[in-house]
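Peer 1: Please see the structure below; I have some questions.
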Amino acid sequence: AAKAAGKSAYRTCTAELREAAVTRAELIDDLRRAVDERQLHLEFQPIVDLASGEVRSAEALVRWRHPRLGLLPPARFLPLAEETGLIVPIDRWVIHEACRAAATWRDRAPDATVAVNIAAAHLRRPDLIATVSEATAGAGLAPRALTLELTESALIEGSDTVLERLRQLRELGIHIAIDDFGTGYSSLSYLHHIPATELKIDRSFVARLGADARAYATVEMVTQLAGAFDLSVIAEGVETEGQHAAVTAIGCVHGQGWRYGRPTGLADLRAALLPAAPA
Ligand code: C2E
Ligand code: MG
Ligand code: MG
Ligand code: MG
């Protein structure tokens with residue numbers, strides 16, 4: 001009986017492996033066509049001013065409507081995209097699409113910005129600057145209406161050329177946010193060199209705010225640090241009233257999370273950007 005069980009377990013296991021392998025290869029093939037065949041789209045998640053509740057900007061988040069598998073979140077395909085280099089055309093498409101979207105809400109909120117996530121591989125490319133300039137100019141958008149979100153790990157790989165590229169982007173007026181701040185292994189000294197304008201406190205700290213004094217202290221410390229470096233600070237993943245009260249009390253300026261709005265379509269975001277009715 002043990003032998004039979006072992007055998008069938010073995011068969012199941014190899015079948016799954018084979019299926020996983022095929023799926024992976026197929027998925028890469030499908031992903032290669034996804035941009036051209038217009039299967040990607042963006043959702044926009046509001047970023048609010050904690051004091052007034054007003055939506056000040058939105059983060060563009062990519063989704064893939066796969067012809068057979070349905071709607072896939074970035075976690076399902078971005079790792080593959082990064083391994084294969086397909087991330088560069090995908091991110092390029094995202095930048096263009098996000099700028100076009102932001103151009104449609106300028107009438108409602110002239111100062112609102114749009115944030116896009118940039119993969120490490122893209123940051124290493126000299127043509128990132130041209131991509132960003134073309135996308136903003138093509139959409140008729142001021143460069144200061146665009147924020148590039150970079151993770152700490154993308155930034156620590158940062159050679160002098162990458163730093164120089166970031167400085168050039170800043171000179172154009174582009175904003176630079178450090179995403180998922182606190183989850184990387186970088187030393188704080190890199191903050192002195194990176195011309196960032198915003199810190200986004202990772203959701204994992206915000207999630208533990210009520211339960212863990214160390215998480216609270218971390219959010220406090222990062223907020224103070226941001227203040228000292230003259231960076232704007234955004235608390236990510238604010239889901240509850242308690243978390244909202246805590247990040248507000250700590251002094252974070254901006255918040256993002258389900259408490260304020262889930263990632264949504266362009267029409268909904270435009271509606272959320274409606275200027276507050278005069279009192
Ligand atoms: P991220 O940049 O940290 O984006 C925030 C993620 O947290 C999003 O997940 C968002 O839906 C989720 N989120 C926001 N508020 C809450 C909340 O209150 N609770 C919880 N539990 N989650 C919340 P999403 O859209 O699945 O994206 C995951 C990651 O994929 C992003 O993390 C970003 O690193 C990456 N990504 C998304 N779009 C792009 C893209 O166009 N290009 C690149 N290179 N990466 C992208
Ligand atoms: Mg992000
Ligand atoms: Mg983040
Ligand atoms: Mg995150």
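The values are calculated or read from the model by the stated rules, or taken from the named source; none is laboratory data. Please read all numbers here as calculations on a predicted model, not as lab measurements. Glycine gets a Cβ as well: all are built from the backbone with ideal geometry, and neighbour counts include every protein chain shown.
Peer 1: Does the range 147-159 include one or more residues that are among the charged types (D, E, K, R), under 27 Å from residue 183 (Cβ atoms) and in contact with a Leu (Cβ under 9 Å, 6 or more places away or on another chain)?
Peer 2: The initial filter retains those residues of the range 147-159 that are among the charged types (D, E, K, R), namely 149, 152, 157.
Narrowing the set further to residues that are under 27 Å from residue 183 (Cβ atoms) leaves 149, 152, 157.
Going one step further and asking which of them are in contact with a Leu (Cβ under 9 Å, 6 or more places away or on another chain), we end up with 157.
Looking for residues that are among the charged types (D, E, K, R), under 27 Å from residue 183 (Cβ atoms) and in contact with a Leu (Cβ under 9 Å, 6 or more places away or on another chain), one finds at least one in the range 147-159, hence yes.
Every residue, every condition in (1) in contact with an Asp or Glu (Cβ under 9 Å, 6 or more places away or on another chain); (2) at pLDDT below 95; (3) under 14 Å from residue 49 (Cα atoms), yes or no:
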{"position": "228", "(1), (2), (3)": "no, yes, no"}
{"position": "248", "(1), (2), (3)": "no, no, yes"}
{"position": "251", "(1), (2), (3)": "yes, no, yes"}
{"position": "255", "(1), (2), (3)": "yes, no, yes"}
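Peer 1: From the set of residues in the range 101-117 that are in contact with a helix residue (DSSP H, G or I) (Cβ under 6 Å, 6 or more places away or on another chain) and among the β-branched types (Val, Ile, Thr), which is nearest to ligand 1 (Cβ to nearest atom)?
Peer 2: Only one residue tops the list, namely 116.
Peer 1: Considering each of 162, 247 in turn, give the residue that is in a helix (DSSP H, G or I), on the phi < 0 side of the Ramachandran plot, of a type in the set (A, V, I, L, M, F, W, C) and in contact (Cβ under 8 Å) with a residue 40 or more places away in the chain.
Peer 2: Only one candidate passes the filter, namely 247.
Peer 1: In the range 212-221, is there at least one residue being of a type in the set (Phe, Trp, Tyr) and either within 16 Å of ligand 2 (Cβ to nearest atom) or part of a helix (DSSP H, G or I) (or both)?
Peer 2: Let us first name the residues in the range 212-221 that are of a type in the set (Phe, Trp, Tyr), namely 216.
Retained after the next criterion (residues that are either within 16 Å of ligand 2 (Cβ to nearest atom) or part of a helix (DSSP H, G or I) (or both)): 216.
Scanning the range 212-221, I find at least one residue that is of a type in the set (Phe, Trp, Tyr) and either within 16 Å of ligand 2 (Cβ to nearest atom) or part of a helix (DSSP H, G or I) (or both), so the answer is yes.
Peer 1: While we're on this one: Can you name every residue in the range 128-184 that is away from ligand 3 (no atom under 16 Å from the Cβ), polar (S, T, N, Q) and under 24 Å from residue 105 (Cα atoms)?
Peer 2: 131, 133, 136
Peer 1: Moving on to the next point. Looking at the structure I just gave you, is residue 174 more than 21 Å from residue 252 (Cα to Cα), of a type outside the set (Phe, Trp, Tyr) and surrounded by 20 or more Cβ atoms within 10 Å (Cβ to Cβ)? Walk me through how you get there before you give the answer.
Peer 2: Details: more than 21 Å from residue 252 (Cα to Cα): yes; of a type outside the set (Phe, Trp, Tyr): yes; surrounded by 20 or more Cβ atoms within 10 Å (Cβ to Cβ): yes.
Yes; evaluated as a whole, the condition is true for this residue.
Peer 1: All but one of (1) more than 16 Å from ligand 1 (Cβ to nearest atom); (2) surrounded by fewer than 19 Cβ atoms within 10 Å (Cβ to Cβ); (3) closer than 27 Å to residue 259 by Cβ hold for residue 140; state the number of the condition that does not hold.
Peer 2: (3)
Peer 1: Step by step: first the residues of the range 197-218, then only those that are of a type in the set (Gly, Ala, Ser) and out of contact with any Lys or Arg (no Cβ under 9 Å at 6 or more places or on another chain), then the one that is farthest from ligand 4 (Cβ to nearest atom). Which residue is that? Before the answer, list the steps.
Peer 2: Taking the range 197-218 and keeping what is of a type in the set (Gly, Ala, Ser), we get 204, 207, 210-211, 213, 215, 217.
Still in the running and out of contact with any Lys or Arg (no Cβ under 9 Å at 6 or more places or on another chain): 204, 207, 210-211, 213, 217.
Numbers: 204: 8, 207: 11, 210: 19, 211: 19, 213: 22, 217: 20 Å.
Of everything passing the filter in the range 197-218, 213 is farthest from ligand 4 (Cβ to nearest atom).
Peer 1: So, restricting to strands (runs of 3 or more DSSP E) that lie completely within the range 25-138, which ones have at least 2 residues that are among the polar types (S, T, N, Q)? Before you say what the answer is, go through the steps one by one.
Peer 2: Numbers: elements: 40-49, 55-66, 70-72, 113-117.
In the range 25-138, 113-117 are the strands (runs of 3 or more DSSP E) which contain 2 or more residues that are among the polar types (S, T, N, Q).
Peer 1: Do we find that residue 201 is under 18 Å from the mean Cα position of the chain (by Cα) and within 13 Å of ligand 3 (Cβ to nearest atom) in this structure?
Peer 2: So residue 201 passes the test.
Peer 1: Out of the range 232-264, which residues are charged (D, E, K, R) and within 13 Å of ligand 3 (Cβ to nearest atom)?
Peer 2: Matches in the range 232-264: 236 only.
Peer 1: Run down 148, 155 and say which single residue is modelled with pLDDT of 95 or more, more than 9 Å from ligand 1 (Cβ to nearest atom) and aliphatic (A, V, I, L, M).
Peer 2: When all the criteria are applied, what remains is 148.
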